[in-house]
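Worksheet for the structure shown next.
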Amino acid sequence: MQSGQSHITLRELLYQVLPQLHSAEAMIRNTLTAIIEATRDPRERARREEQRAALDLELFTIRLNVEHLLKRHPEAVVEVKESEGEKEGPLLALDEGEAVAIEKARQFHDRVLELRRDMAG
């Protein structure tokens with residue numbers, strides 16, 4: 001799905017967007033937790049805890065909208081999952097909130113990859 005589009009295949013959502021979101025979330029959460037546990041500076045700890053709270057809010061909003069989308073297509077979700085991603089599934093029409101959530105999920109993943117590159121380089 002390209003930026004601004006209002007459709008996505010169910011397979012793309014289940015096997016690309018959601019796994020990328022999960023891996024990005026785990027990396028950021030683990031990194032922030034390690035930083036919070038290691039820091040002795042109260043200001044830095046507070047800043048990182050604020051970052052974690054903002055992350056939790058952003059992820060909550062994304063997940064809420066994705067769940068809404070998946071609940072509208074329960075039979076198709078089962079069919080695509082049972083095919084282990086072999087079937088494309090339907091082209092899902094996204095409402096505004098869902099489209100924003102998918103775009104934010106992609107942006108979140110891209111930001112994490114960028115952060116990882118910065119940390120490694």
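The candidates 41, 118, arranged from most to least accessible area with a 1.4 Å probe in the full protein assembly, appear as 118, 41.
In this structure the amide hydrogen of residue 92, modeled in the peptide plane, comes within under 5 Å of the amide hydrogens of 8, 9, 10, none closer than 5 places in sequence on its chain.
Farthest toward the positive end of the dipole of the chain, out of 77, 38, 53, is the Cα of 38, where the dipole comes from beta carbon charges about the Cα centre. The calculated FRET efficiency for the pair residue 44 and residue 115, based on their C-beta separation and a Förster distance of 22 Å, comes to about 0.80.
When trypsin sites (Lys or Arg not before Pro) are flagged only if DSSP places them in a loop and at most 16 other Cβ atoms lie within 10 Å, the longest unflagged stretch of the chain comes out as 1-39. Remark: the chain carries 63 Å² of accessible area per residue (probe radius 1.4 Å; ligands, DNA and RNA excluded). Each other residue within a Cβ distance under 12 Å of residue 22 adds +1 if Lys or Arg and -1 if Asp or Glu, for a net charge of +1. Counted as membrane-span-like here are DSSP H helices of the chain whose alpha-carbon atoms extend 27 Å or more along the helix's own axis and whose Kyte-Doolittle mean is -0.5 or above; these are 18-38. Nonpolar atom fraction for the chain, defined as the carbon and sulfur part of the 1.4 Å probe accessible area, stands at 53 percent. With only Cα atoms counted, segment 1-55 has Rg and Dmax values of 16.0, 47 Å.
The values are calculated or read from the model by the stated rules, or taken from the named source; none is laboratory data. Here the structure is a predicted model, which is why all the values come from computation and not from measurement. All Cβ positions, even for glycine, are placed from backbone atoms using ideal geometry, and neighbour counts span all protein chains on display. Accessible surface is based on the protein model in full, side chains and every heavy atom, while ligands, DNA and RNA are left aside. Shrake-Rupley method; radii C 1.70, N 1.55, O 1.52, S 1.80 Å.
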